[in-house]
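*Asks:* Can you keep this structure in mind? I'll have questions shortly.
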Amino acid sequence: MGRRDRVPGEVMLGRAELMTLTCGDRLELRVARDGEGRLRITWSGRGCELSRGSASLLTAELDGLSASEMAQRSDRFLAAMGRRETSLPGAETFLLVVAANPVRSVCATLAWRALGQALSGAGLGSPG
């Protein structure tokens with residue numbers, strides 16, 4: 001399950017595959033550059049509704065942004081989850097309700113951690 005549509009002329013730049021040990025969620029996230037130079041995010045995987053929903057939200061919010069914008073938004077979200085903040089500028093605010101539950105926050109952050117690794121692996125950002 002996931003957003004897997006490939007764009008003609010797309011060039012794969014980086015990928016990361018992560019798994020949560022507590023519930024077995026698995027996610028592969030890919031960052032590619034399309035024929036027009038935009039960064040695209042695709043993912044596939046299986047797991048709970050929270051991890052899949054978070055991956056879909058990440059894709060909807062960050063797909064097409066620059067690498068630095070992706071990294072900044074991802075880093076900010078992960079930091080907010082760690083501090084149990086209540087507000088962020090994007091739709092990722094809705095995921096903050098699980099920040100107080102360590103097991104569920106692992107599911108909510110899976111795709112966001114994978115994005116940091118994929119960007120880092122592509123030489124486009126630092127791991128978050």
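The values are calculated or read from the model by the stated rules, or taken from the named source; none is laboratory data. Note that this is a predicted model, so its numbers are computed, not measured. Heads up, the Cβs are rebuilt from the backbone with ideal geometry, glycines too, and the neighbour counts pull from every protein chain shown.
*Asks:* Report yes if some residue within segment 44-54 is exposed (fewer than 15 other Cβ atoms within 10 Å of the Cβ), in a helix (DSSP H, G or I) and on the phi < 0 side of the Ramachandran plot; otherwise report no.
*Replies:* yes
*Asks:* Across segment 12-27, which residue is surrounded by the most Cβ atoms within 10 Å (Cβ to Cβ) among those that are more than 11 Å from Gly47 (Cα to Cα) and among the hydrophobic types (A, V, I, L, M, F, W, C)?
*Replies:* So, considering only residues that are more than 11 Å from Gly47 (Cα to Cα) and among the hydrophobic types (A, V, I, L, M, F, W, C), the one surrounded by the most Cβ atoms within 10 Å (Cβ to Cβ) is Ala16.
*Asks:* Counting only residues that are more than 14 Å from Ile41 (Cα to Cα) and either buried (at least 19 other Cβ atoms within 10 Å of the Cβ) or charged (D, E, K, R) (or both), which one in segment 99-113 is modelled with the highest pLDDT?
*Replies:* Top of the filtered list is Leu110.
*Asks:* Inspect all residues belonging to segment 70-83 and state whether any of them is modelled with pLDDT of 85 or more, within 21 Å of Val11 (Cα to Cα) and part of a helix (DSSP H, G or I).
*Replies:* There is at least one residue in segment 70-83 that is modelled with pLDDT of 85 or more, within 21 Å of Val11 (Cα to Cα) and part of a helix (DSSP H, G or I).
*Asks:* Tell me the residue from Gly90, Gly116, Gly121 that is at pLDDT below 85 and surrounded by 14 or more Cβ atoms within 10 Å (Cβ to Cβ), please.
*Replies:* Just one listed residue meets the conditions, Gly90.
*Asks:* Here's a follow-up. Any chance you could count how many residues in segment 20-40 are within 27 Å of Val103 (Cβ to Cβ) and either assigned to a strand (DSSP E or B) or not hydrophobic (A, V, I, L, M, F, W, C) (or both)?
*Replies:* Total satisfying the criteria: 9.
*Asks:* If I ask for residues that are of a type in the set (Gly, Ala, Ser) and exposed (fewer than 15 other Cβ atoms within 10 Å of the Cβ), which ones from segment 57-73 would you list?
*Replies:* Selection gives Ala60, Gly64, Ser66, Ser68.
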